[in-house]
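Note sheet for the following structure.
The values are calculated or read from the model by the stated rules, or taken from the named source; none is laboratory data. Predicted model, so just to flag it, every value in this text is computed and none were measured. FYI the Cβ positions are ideal-geometry reconstructions off the backbone, even for glycines, and counts take in every protein chain you see.
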């Protein structure tokens with residue numbers, strides 16, 4: 001076969017496969033699987049023989065992607081933060097009022113988007129080709145699942161322009177694909193998925209890319225993380241559509257409050273007619289300069305909010321109260337209910353938070369209660385639907401003793417919670433260890449509740465350090481634990497010995513220290529040794545570390561029990577990965593309040609991180625307390641206000657110079 005006919009045939013097969021792929025995902029195939037596989041095989045042979053004629057967007061990039069043996073971790077260049085939630089129109093109004101006040105403008109232009117109920121991913125393109133796809137994970141680090149994402153038919157592998165770009169999207173399973181998947185699983189005697197989101201999540205974690213492709217996942221792109229010089233979010237979305245990305249057609253530019261309200265009300269009712277699940281509306285400030293000015297909290301961007309649709313409710317009967325014991329000894333009442341269907345899942349338990357809530361709701365065993373599952377993962381009881389007759393109901397009293405160790409329950413004067421005061425309580429120990437090995441902490445997925453229960457029962461572990469001393473021969477006598485399973489457990493534990501310092505700090509379970517605070521402490525001190533030497537006063541001056549957290553951290557590391565545990569972990573070979581702390585004692589930015597404005601040559605989040613690492617505090621508005629304004633091109637009202645208040649204005653080059661230490665502020 002000569003070169004020209006070969007190239008023509010390759011192009012012909014490429015177009016055929018693309019067409020059949022599209023029809024396959026629309027559930028309207030016009031070719032048998034055997035004939036489709038024959039086309040794929042022919043194209044693969046031709047591409048191997050004539051690589052110079054291969055189409056950059058060859059469908060084989062999807063179909064023949066190498067199946068992964070595992071999913072490696074990968075850090076996000078720009079963190080994937082979660083969104084704050086609003087559960088009523090009043091909460092959205094309050095959020096809008098806050099934004100207008102911070103931006104000092106009478107009206108904010110928003111973009112309204114449907115919040116698809118799926119899994120968020122980050123997609124990285126280099127020179128126009130999809131280089132990597134990463135799950136959200138903990139927002140800082142996710143799993144690289146590129147082979148599985150390559151199976152998604154509506155995700156472009158090759159862009160029409162050779163650009164470097166990072167975008168964010170939501171992977172989901174349409175209703176029709178979900179129904180067909182469950183029908184197939186039922187026919188094969190496999191357990192059914194409860195809802196499309198669970199199915200999509202399970203699918204993305206499969207190591208069999210052929211099965212992933214068969215399940216027909218879809219994706220919708222909702223943001224540019226890096227790589228665009230446009231000035232508005234809506235302009236970015238339009239540009240993404242031009243590049244071939246699937247962008248939600250329901251997205252709207254909302255110039256005023258009336259349009260925002262109409263958008264929310266429209267989709268509150270119309271969402272039921274969509275071919276996929278949505279659980280709310282996302283509102284984002286359209287101006288990217290405005291977004292940068294508003295900045296972030298520790299957990300979420302200030303410039304966006306997720307309006308959650310009215311939570312679905314169901315009626316059930318409260319049968320009993322079970323007391324849960326937390327890792328800090330808090331005794332939490334959990335309602336046991338008659339099973340009821342809610343949001344596609346069977347609910348038989350609901351949280352009650354504390355005994356004050358039981359008293360406030362006037363709950364009694366036997367009452368019919370209203371159960372709601374809104375933004376929370378765990379359902380909650382919101383009201384009594386129908387009280388049971390007094391003769392057929394029982395009151396719910398606070399606990400007398402811990403259900404796990406029989407220690408008398410106590411309630412401190414300044415707390416509403418009841419607690420187990422026994423630090424050696426087996427339930428507390430189990431919860432502490434479960435937290436230690438959890439995905440967002442040391443991430444030892446081979447150690448779950450059932451195994452920990454056996455380890456504690458057989459006295460194989462009494463602390464986190466004991467996990468690292470376990471041998472295969474310790475585990476094989478346990479129930480459902482053969483040699484191979486024991487080997488996997490020991491390997492998983494061993495692989496966690498060098499987790500990053502923020503994960504390790506979070507795993508320790510320091511009171512008042514969650515993921516974000518752990519990251520903040522790690523960034524400021526770099527090593528466990530340095531943090532151990534920090535006193536309360538020193539900790540208290542860190543931005544976003546208040547006096548309560550500072551006291552808690554200092555007390556924790558002064559404790560003899562803590563010192564003993566850390567020494568045991570060290571002796572067991574646990575070595576948290578240290579972070580590089582930028583030393584900027586002479587930086588003119590240390591302790592200064594800064595405002596960013598205008599179009600910068602690098603993403604705002606990148607600049608904000610650099611400046612905060614140098615000791616600066618980033619503010620969203622200019623005031624007399626502002627030390628510097630970092631101004632890019634097309635700087636607007638903030639620059640004018642800075643000049644009016646005689647605040648120093650610096651360029652990106654000047655900021656880079658200070659950060660590199662090559663210049664002093666003279």
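For this structure, a couple of remarks:
- Looking only at segment 363-380, and only at residues there that are under 15 Å from residue 333 (Cα atoms) and at pLDDT 95 or above, the one that is nearest to the chain's Cα centre (by Cα): 363
- Residue in segment 616-634 that is under 14 Å from residue 598 (Cα atoms), touching a strand residue (DSSP E or B) at 6+ places or on another chain (Cβ under 6 Å) and part of a helix (DSSP H, G or I) present: no
- Evaluation of residue 189 against the conditions (1) at positive phi; (2) in contact with a strand residue (DSSP E or B) (Cβ under 9 Å, 6 or more places away or on another chain); (3) modelled with pLDDT under 90 shows that the sole unmet condition is (2).
- The residue of segment 438-462 that is nearest to residue 490 (Cα to Cα), among those that are assigned to a loop (DSSP other than H, G, I, E, B), without any contact (Cβ under 8 Å) to a residue 24 or more places away in the chain and over 22 Å from the mean Cα position of the chain (by Cα), is 460.
Listed here are the residues, each with its yes/no results for (1) surrounded by 13 or more Cβ atoms within 10 Å (Cβ to Cβ); (2) within 33 Å of the chain's Cα centre (by Cα).
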| position | (1), (2) |
| --- | --- |
| 390 | no, no |
| 403 | yes, no |
| 407 | yes, no |
| 413 | no, no |
| 416 | no, yes |
| 422 | yes, no |
| 426 | yes, yes |
| 434 | yes, yes |
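- Options 530, 522; residue that is farther than 16 Å from residue 141 by Cβ, part of a helix (DSSP H, G or I) and not assigned by TED's automatic domain parsing to the domain that holds residue 614: 530
- Filtered residue count, segment 500-516, keeping only those that are crowded, with 20+ Cβ neighbours inside 10 Å and over 23 Å from residue 547 (Cβ atoms): 4
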